[in-house]
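Novice: The structure follows.
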Amino acid sequence: MEITKNVILDLLPLYLADEVSADTRALIEEYLETDPELAEIATQSAAVELPGNIPVPLTQEDKMKAYKKSKTIMILTIVFLAALMAAILGTIMLAFFTSA
């Protein structure tokens, strides 16, 4: 099977991201030696700096996990604030009734 330019173009992003095996890397580099136009494209593409943190779309499962976690945090916050208010109110009532 002959390796065509389209195959190399398909593999080029993985090659530039250093995500290919040593055999594939050798194959691409060998092909780039024979095709100066594609070698120039590879050189230009390697020089482009890509953003590091590209947002990944959330799956439904990820959304549900985030929802459940935020719901738990909200419930704990409400319980904590209710307990804090009860303690403050209890302290005020105790001070009021013991001072009389």
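The values are calculated or read from the model by the stated rules, or taken from the named source; none is laboratory data. What you are looking at is a predicted structure, and each value in this text was computed from that prediction instead of being measured. Every residue, glycine as well, gets a Cβ built from its backbone with ideal geometry; the counts of neighbours run over all protein chains shown.
Novice: Which ones in segment 75-100 are modelled with pLDDT of 95 or more and either of a type in the set (Phe, Trp, Tyr) or exposed (fewer than 10 other Cβ atoms within 10 Å of the Cβ) (or both)?
Specialist: Phe80
Novice: Using beta carbons and a limit of 7 Å, which pairs, at least six apart or on different chains, have the first residue in segment 3-17 and closer than 13 Å to Ala39 by Cα and the second one outside any helix (DSSP H, G or I) and among the charged types (D, E, K, R)?
Specialist: Close Cβ pairs (under 7 Å, with a partner that is outside any helix (DSSP H, G or I) and among the charged types (D, E, K, R)) amount to Lys5/Asp35.
Residue-wise test of (1) outside any helix (DSSP H, G or I); (2) more than 30 Å from Glu2 (Cβ to Cβ); (3) in contact with a strand residue (DSSP E or B) (Cβ under 8 Å, 6 or more places away or on another chain).
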| residue | (1), (2), (3) |
| --- | --- |
| Leu12 | no, no, no |
| Val20 | yes, no, no |
| Thr24 | no, no, no |
| Leu27 | no, no, no |
| Glu33 | no, no, no |
| Gln44 | no, no, no |
| Glu49 | yes, yes, no |
| Asp62 | no, yes, no |
